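The values are calculated or read from the model by the stated rules, or taken from the named source; none is laboratory data. Computed from a predicted structure; not experimentally measured. FYI the Cβ positions are ideal-geometry reconstructions off the backbone, even for glycines, and counts take in every protein chain you see. Just so you know, the surface numbers come from the protein's heavy atoms only, side chains and all, with ligands and any DNA or RNA stripped out. Shrake-Rupley method; radii C 1.70, N 1.55, O 1.52, S 1.80 Å.
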Amino acid sequence: MSLTITPLSPALGAQISGVDLSRDISTEQRDAIEQALLQHQVLFFRNQPITPQQQARFAACFGDLHIHPIYPNVPETPQVLILDTAVTDVRDNAVWHTDVTFLPTPALGAVLSAKQLPAYGGDTLWASGIAAFEALSAPLRTLLDGLSATHDFTKSFPLERFGTTPEDLARWEATRRNNPPLSHPVVRTHPVSGRKALFVNEGFTTRINELSELESEALLKLLFAHATRPEFSIRWRWQENDVAFWDNRVTQHFAVDDYRPNRRVMHRATILGDVPF
């Protein structure tokens, strides 16, 4: 069965049809999906009613899977975390962020499955770090290419929201100990395509190391605003059983929190990546 790839915007995004993610995919399908991911950065699959086990199996075709230190997971498949607004405070997703950049090896990508949706609202936006970097002036690209930035777990997971019970506090403190602030390049080179992308995000990036505090604050403010301009982004309106697969190395995303008090349940499998350079 051949895949049909329909681009959705010039910057990023494509819809994929012609594959059943509940079944084992062939080597040819896996390679075609990987090439589409490299080209389009975020892929969308409609009408894919998959179990957590099937979701993890599909994601594992592209690398080892991560177990999130904070979010609850599916007990029998701990590599699949649960984003359920009836159970967990997920406001940290309603900010532009790249997943788990507080790790030495941030995620290669993630596979997100829509399980329960509000009647309206709850869209997700993605933005291309490649498009954002390439749109900068040459002098600014040159400046940024030599800088590094600090990423801190506690910026998106503050104690006051994620340490409210003794059990949560113990989990939060263990995660902080195991994930101290660390540095990544401000401009990341994609390990496969070789293309360069902005690699700072409002969710986890706290400062640019080589600059003064005031300079860092001003430059990060500019980069956060620039990276998420409409022409570098795409907005997906979810339908139940949709699946999204994105390249976390060169994108960031924003889950719009506009549907309260309605419930939204998503499952995510996160694929570990490599050290950014």
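Worth a mention:
- Just one of (1) open to solvent by less than 40 Å² (accessible area, probe 1.4 Å); (2) assigned to a loop (DSSP other than H, G, I, E, B); (3) not hydroxyl-bearing (Ser, Thr, Tyr) fails for Gly109. It is (2).
- The lone exception for Trp172 - which of (1) surrounded by 14 or more Cβ atoms within 10 Å (Cβ to Cβ); (2) part of a loop (DSSP other than H, G, I, E, B) it fails: (2)
- Counted as qualifying within segment 188-256 are the strands (runs of 3 or more DSSP E) with 3 or more residues that are touching a residue at least 40 places away in the same chain (Cβ under 8 Å) and hydrophobic (A, V, I, L, M, F, W, C), namely 243-247.
- The single condition among (1) in a strand (DSSP E or B); (2) in contact (Cβ under 8 Å) with a residue 24 or more places away in the chain that Pro78 does not satisfy is (2).
- Residues in segment 115-147 that are among the charged types (D, E, K, R), under 17 Å from Leu12 (Cβ atoms) and open to solvent by 50 Å² or more (accessible area, probe 1.4 Å): Glu134 only.
- Remark: pairs (first residue in segment 44-56, assigned to a loop (DSSP other than H, G, I, E, B); second residue open to solvent by 10 Å² or more (accessible area, probe 1.4 Å); Cβ separation under 6 Å; 6+ apart in sequence or on different chains) = Asn47/Asn241; Gln48/Asn241; Pro49/Asn241; Ile50/Ser22.
- Checked against the criterion of being farther than 28 Å from Leu198 by Cα and either of a type in the set (A, V, I, L, M) or open to solvent by less than 10 Å² (accessible area, probe 1.4 Å) (or both), the candidates Val87, Val80 yield just one match: Val87.
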